[in-house]
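Reviewing the structure listed below.
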Amino acid sequence: MKQAAAEDTTTSTDVIDEEMQRLASVMDARQQFLVSTADMSWRLAITVVVPIVAGVKLDDYFNTSPSLTLLGFMVAAAGGSAVVWRTVKNLNTEQAESSKKSHRSKKTGED
C-alpha cells in the first residue's frame, strides 16, 4: 500500500514537471516572437521609408514627378519582403534550436 502511494506521488510530480516544461516552452516561444516582431518593425520601417522618401526628394530635385517615387516604392516593396522573409527564417531557426535544446534536456532528465 505504501509503495503504491509513493508511485502515485512520483507520477503526479512527473506530470507537474512536464506541464511546467511545456509552459516554459510556450513562454519562450512567445518571447522569441515578440523580440523578433519588434526587431522586424524598426528594420521594416527603415527599409520602406528611406527609398520612398529618397524617390520623392529626387523627383522634386530632377522634376521627374512619379518616376523615381515609383522606383523607390518598388525598392521599398522588395526590401520589405526581404526583411519579413529573413525575420521568419530566423524565427523558425531559433524555434528549432530551442525545441532541440528542450528535447535534449528532457532526455538527460530521464536518464
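Just so it is clear, none of the values below were taken in a lab; they were calculated from the coordinates. These figures come from a predicted structure and were not determined experimentally. We place every Cβ from the backbone using ideal geometry, glycine too, and count neighbours over all the protein chains shown.
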Rough spin-label spacing in nm, given labels placed 7 Å along Cα→Cβ, for Thr37 and Asp60:
3.5
Angle between the Cα long axis of helix 67-110 and the longest principal axis of the chain, 0 to 90 degrees, nearest 10?
10
Net dipole in debye of the chain [+1 Lys, Arg Cβ; -1 Asp, Glu Cβ; about Cα centre; nearest 20]
420
Of all C-alpha pairs within the chain, those more than 24 angstrom apart amount in percent to 55
If one compares the long axis through the Cα atoms of helix 2-62 with the longest principal axis of the Cα atoms of the chain, the angle in degrees, nearest 10, works out at 0
